[in-house]
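Trainee: Input: one structure, supplied below.
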Amino acid sequence: MIAASALILLFVPLTCGYLFYSQAESADDFTQLPLAVISIDDPIEAELANMMPLSQWSQPDYVIHVWATWCGLCKKEHPSLIKAQQDHPLPIIGVALQDQPKKVRGYLTEKGNPYALVLDDIDGELSERLGVQATPQTFLVSEGEIVFAHAGPLNDNEWAALFSRLETQIAKRLSSKNDH
């Protein structure tokens, strides 16, 4: 009985890790999907629904955070996300999954906006391409490729570790460019 429990405890994390890795690897076209940009500060601009694919994002390294105002875990995670954004200079792109722009704008105005950009994924197409199965879900992107994915809410320490991982990825890339 103990051996079976140990096998299950070993198998489940390995399987989940593989699923996240394989989902991230299959998401190579996620940057080409144009999505409406939700303007938090300007409701008039928000109604114009500027379309933008992530391939137009000017920074090579960023975090994608898939969330929703209707998601209880997202609301619980939000203070840690605000702190992470304040502690680390890397941009976070929020993807509002199957949500209403007016609710997104109201929530971020009231609770604080940690995002450099908020995209409206009303039909869930970007989230599907990323392999999102639940919210919140977080992806580290370096030069247009997903290098890490995490499903579920993150606390302060986990956000710090996530940003540290991305900063290490950036340092490695810069080091290899300097070596050539």
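The values are calculated or read from the model by the stated rules, or taken from the named source; none is laboratory data. What you see is a predicted model; the values in this text were computed from it and never measured. Neighbour counts are summed over all protein chains in view; Cβ atoms, including those assigned to glycine, are modelled from backbone coordinates with ideal geometry. Calculation scope for accessible area: heavy atoms of the full protein, side chains included, ligands and nucleic acids excluded. Shrake-Rupley method; radii C 1.70, N 1.55, O 1.52, S 1.80 Å.
Trainee: If Ile122, Ile92 are ordered by their accessible area, calculated over protein heavy atoms with a 1.4 Å probe, which sequence runs from highest to lowest?
Mentor: Accessible-area ranking of Ile122, Ile92, largest first: Ile122, Ile92.
Trainee: Heavy atoms of the protein only, probe of 1.4 Å, neighbouring chains included. What is the accessible area of Asp179 in Å², nearest 10?
Mentor: Approximately 120 Å² for this residue.
Trainee: Between Glu110 and Glu158, take the C-beta separation as r, use R0 = 22 Å, and let me know the FRET efficiency to the nearest 0.05.
Mentor: Computed FRET efficiency for Glu110 and Glu158 comes out at 0.35.
Trainee: Among 155-162, 134-141, 99-106, how do they line up from the highest to the lowest mean number of other beta-carbon atoms within 10 Å?
Mentor: Details: 155-162: 15.5, 134-141: 22.5, 99-106: 17.5.
Going from most to least packed, we get 134-141, 99-106, 155-162.
Trainee: Also: Calculate the FRET efficiency for Gln100 and Asn178 from the Cβ-Cβ distance with a Förster distance of 41 Å, rounded to the nearest 0.05.
Mentor: Details: r = 46 Å, r/R0 = 1.13.
The value I calculate is 0.30.
Trainee: Over the stretch 49-180, average the accessible area per residue using a 1.4 Å probe and give it in Å², no decimals.
Mentor: 49
Trainee: To the nearest 10 square angstrom, how much accessible area does Arg129 have with a 1.4 angstrom probe?
Mentor: Rounded to the nearest 10, that gives 70 Å².
Trainee: Identify all lysines with a Cα-Cα distance to Lys102 below 25 Å; exclude those on the same chain that are fewer than 8 residues away in sequence.
Mentor: Output for Lys102: Lys75, Lys76, Lys83, Lys111.
Trainee: Using a/c under 1.5 as the rounded threshold, could you call the stretch 120-171 rounded, prolate or oblate? The axes a ≥ b ≥ c are square roots of the C-alpha gyration tensor eigenvalues, and prolate needs a/b larger than b/c, oblate otherwise.
Mentor: oblate
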